[in-house]
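The values are calculated or read from the model by the stated rules, or taken from the named source; none is laboratory data. Worth saying up front: this structure is predicted, and the values here are computed from it rather than measured. Methodologically, a virtual Cβ is constructed for each residue, glycine included, from the backbone with ideal geometry; neighbour enumeration extends over all protein chains shown. Areas reflect the complete protein model, heavy atoms only, side chains present, ligands, DNA and RNA absent. Shrake-Rupley method; radii C 1.70, N 1.55, O 1.52, S 1.80 Å.
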Amino acid sequence: MDPADRTGADVRTRPAIAPGLTVPQTRTQWAFAAFSALNAVVIFPGENAILPLVQSVGFAGYLFAAAVAAYCALRSGTSRARRVAIVFHLLFIPVQFLFSFPGPLPLVGMLFSALILGFLRPAFPRLSPGKRKLWVMLHVGLSVSWLGIAVSMVVLSAVGYTTENAGLRHGAYELMHVFDLFIVIPTMMLSILTGLVVSLGSKWGLVKHWWVLLKLVIALCIPAVAIVESQWVQELAERTVDPAAEPGGTGLTLLICMIAFSAALWTATYLSVFKPGGKTRWGKKNVARERAAREKKTAGDSAGVPGQRVPAPDRAAAEHYRGGKN
């Protein structure tokens, strides 16, 4: 076909090529590769390992992360490198929380991955209505479970701090420790992961609306504080083996922390229902870009074939099916 004979529709039907990584984005991948290699050295389980299994998995995980980040940096000019970087950091954020129990450095990695993910400006395909309902159901169920567990932990910490019964006190802290390891951590991580899928696969996005962004901040802050909280629970469970031992200041701090967790999760529930705050600066820029793209497309459709005018009824129908009119 002669290029002069191509219409706007012919050009628009050609598949768009996704861009690779920019120079600053490539540098962030190199920086994360170096950070991961350093973290692997720090987390390596030595003779005095606190949690040998977790540290061994963390060591292997950060070596893998360093390799993936280096691969993305080396193949930065390809669209595949950008896709791999987006998916990897999206999945590696909750994984790093599990690596943080022996030490706090992986929490810095969680923040680093979150910043890189935002810097990459991912554009995810919209979920179909059926899949979106499934993911929303999973997210709501897990979020409600997380809130219920948090309220239960408030009750247990209050019992442990206030009761005069030594056996009940020790049992409350032991039960909190079991909840922490086998219920709270999986529920927390799955709730965050399903929330990310729902946000990125729908019109809400991750940073376009204030209520979604605030929920993300809450979801990332709770695991960071939970690392210290888990150590308090373990300490109290070990200390109260002695019937004469008292929770003391640690018990009171734990109770306040549990109340704060519950308040934060209730705040996240309020944000989900009422959706306050409107659009963020990034959301407003996105709306402006979409409006400009629609206007450009409308102008191209109105132009049609050179020398031929599109009748007014046809233009109205085209605008209707593009979604410009309800």
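Each peptide among 218-231, 243-256, 145-158 gets the average number of other Cβ atoms lying within 10 Å of its residues, and from highest to lowest they stand as 145-158, 218-231, 243-256. For His209, the amide hydrogen comes within under 5 Å of the amide hydrogens of Thr280, counting only partners 5 or more places away or on other chains and with H modelled in the peptide plane. For the range 20-177, the square roots a ≥ b ≥ c of the C-alpha gyration tensor eigenvalues yield an a/c of 1.5 or more together with a/b not exceeding b/c, which makes the shape oblate. Principal-axis analysis of the Cα atoms of the chain puts helix 166-179 at an angle of about 20° to the longest axis. For the pair the range 112-185 and the range 31-80, the centres of their Cα atoms are 26 angstrom apart. Couplings 3J(HN,Hα) of the range 208-217, computed from phi: 7, 10, 4, 5, 6, 5, 5, 4, 5, 4 Hz, in residue order, whole Hz [Karplus 6.51 cos²θ - 1.76 cosθ + 1.60, θ = phi - 60°; x for Gly and Pro]. Quote the charge dipole size of the chain about the Cα centre in Debye, to the nearest 20; the model charges only the Cβ of Lys and Arg (+1) and of Asp and Glu (-1). So the magnitude is around 2460 debye.
Here the simple spin-label model places points 7 Å from the Cα toward Cβ, and for Glu164 and Lys296 these points are separated by 7.6 nm.
Here the chain yields Rg over Rh of 1.10, to two decimals, using C-alpha coordinates and the Kirkwood radius.
Give me the percent of accessible area attributable to carbon and sulfur for the chain, probe 1.4 angstrom.
On the way: 12550 of 18440 Å².
The computed percentage sits at 68.
Taking the centroid of alpha carbons for each part, the range 188-224 and the range 241-274 are 22 Å apart. The residue among Gly249, Phe119, Leu98 whose Cα reaches farthest toward the positive pole of the charge dipole of the chain, with charges on the beta-carbon of Lys, Arg, Asp and Glu, is Phe119. Pairs from the list Lys203/Lys296; Lys131/Lys296; Lys133/Lys208; Lys131/Lys297; Lys131/Lys279; Lys275/Lys296 with a Cα-Cα gap above 27 Å: Lys131/Lys296; Lys131/Lys297; Lys275/Lys296. Which whole-percent values make up P(r) of the range 146-266 when all C-alpha to C-alpha distances are grouped in 5 Å steps starting at zero? Each 5 Å bin holds this share of Cα pairs: 2, 12, 21, 21, 15, 11, 8, 5, 4, 2, 1, 0.
Projecting each Cα onto the charge dipole of the range 122-211 (Lys/Arg +1, Asp/Glu -1 at the beta carbon, about the Cα centre), which of Ile183, Gly171, Gly160 comes out farthest on the positive side? Positive-most Cα among the choices belongs to Ile183.
Near Thr78, the amide H atoms lying under 5 Å from its own belong to Leu21; only residues 5 or more places off or on other chains count, and H is placed 1.01 Å from N. Accessible surface of Arg291, taken over heavy atoms with a 1.4 Å probe and every protein chain present, rounds to 110 Å². Of the residues Asn165, Asn48, Asn39, the one that moves most in a GNM of the chain with alpha-carbon contacts below 10 Å is Asn48. Counting only alpha carbon atoms, the long axis of helix 79-99 and the longest principal axis of the chain meet at about 20°.
With a Förster radius of 41 Å applied to the C-beta separation of Val155 and Thr22, the computed FRET efficiency comes to 0.20. Remark: the Cα gyration tensor places the range 130-181 in the prolate category, a/c being 1.5 or greater and a/b exceeding b/c.
Tell me, what is the FRET efficiency for Trp204 and Ala244 to the nearest 0.05, using R0 = 45 angstrom and their Cβ-Cβ distance as r?
Calculated transfer efficiency: 0.25.
With bins 5 Å wide beginning at 0, the percent of Cα pairs of the range 101-196 falling in each bin runs 2, 11, 13, 15, 16, 16, 11, 7, 5, 3, 1, 0.
Each Cα pair under 8 Å and six or more residues apart adds its sequence gap; the mean of these over the residue count of the chain is a relative contact order of 16 percent.
Under the rule of -39500 (n - 2.57) per DSSP H run of 4 or more residues, summed and divided by the residues of the chain, what mean residue ellipticity at 222 nm is obtained, to the nearest 500 deg cm²/dmol?
Details: 12 runs with 240 residues, N = 326.
Computed mean residue ellipticity for the chain: -25500 deg cm²/dmol.
To the nearest ten degrees, helix 281-303 and the longest principal axis of the Cα atoms of the chain are 20 degrees apart.
The length gained by stretching the chain between Val225 and Ala263 to full extension, at 0.36 nm per residue less their Cα-Cα distance, is 12.3 nm.
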